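Visitor: Just dropping this structure here.
Taken together, the values in this text are just the output of simple stated rules run on the coordinates, not laboratory data. Computed from a prediction, not measured in an experiment: that's the story for all the values here. Neighbour counts run over all protein chains shown; Cβ positions are idealised from the backbone, glycine included.
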Amino acid sequence: MRHAGADYIIKETYHAALELGSEALNRLGFHPFRAEQLKRTFIATEDETVEGMYQSWVSSTEGGMSPGYRELFMQQEAAIRAAMQGDRGDAHSDSERGWTPPPRGYAEDIAESAEADD
């Protein structure tokens, strides 16, 4: 698509796969914030390599899937794995600090409070 002139491309199943992965982590017991961190880490790490992979693909004389492209793909996979396994500790960005799901029972407390006011 980019080679044909597109300047903004969304991979067909990319967002669905990210959401499914995040939901799977939640159902496996990961905190929703941690699942979101891992999803963002995946996106950021992949974004760092996408241009190099594209350049390798278009410059290949073997129809894109050259040994160089395969090597870049393997490097990307290793970088994503390493980034997602890294422990972030408390190295959250300012934008992440405000993202916290409400505490358990929050909706019930609001409903009870509303009923008491009536």
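Visitor: With a sphere of radius 12 Å drawn around the Cβ of Ala17, what net charge do the other residues whose Cβ falls strictly inside it have (Lys, Arg +1; Asp, Glu -1)?
Guide: Its environment carries a net charge of -2.
Visitor: Sequence-distant or interchain residues sharing an amide H contact under 5 Å with Ser66, placed H: which?
Guide: none
Visitor: Quick check: residue separation of Thr61 and Glu112 times 0.36 nm, minus the Cα distance between them. What number comes out in nm? Could the numbers behind the result be given before it?
Guide: Numbers: separation 51, 0.36 × 51 = 18.36 nm, distance 6.78 nm.
Full extension from Thr61 to Glu112 adds 11.6 nm.
Visitor: Give me the extension gain from Arg104 to Ala6: residue separation times 0.36 nm, minus the current Cα-Cα distance, reported in nm with one decimal. Before the final figure, lay out each step's value.
Guide: Values: separation 98, 0.36 × 98 = 35.28 nm, distance 4.51 nm.
Stretched out fully, the Arg104 to Ala6 stretch lengthens by 30.8 nm.
Visitor: Here's another thing I want to ask about it. Under 16 Å from the 7 Å Cα→Cβ point of Val50, by amide nitrogen: which residues of the range 1-34?
Guide: Once the point is set 7 Å along Cα→Cβ of Val50, 1-19 turn out to lie under 16 Å by backbone N, inside the range 1-34.
Visitor: For a quick check: sort Leu18, Leu38 by the number of other beta carbons within 10 angstrom, fewest at the front.
Guide: On the way: Leu18 15, Leu38 19.
Ranking Leu18, Leu38 by Cβ neighbours within 10 Å, fewest first, gives Leu18, Leu38.
Visitor: Would you work out the Kirkwood radius for the range 1-87? I mean one over the mean of 1/r across all pairs of different Cα atoms, in Å. It would help to have the intermediate numbers written out before the result.
Guide: Working: mean 1/r = 0.0688 Å⁻¹.
Radius from the Kirkwood sum: 14.5 Å.
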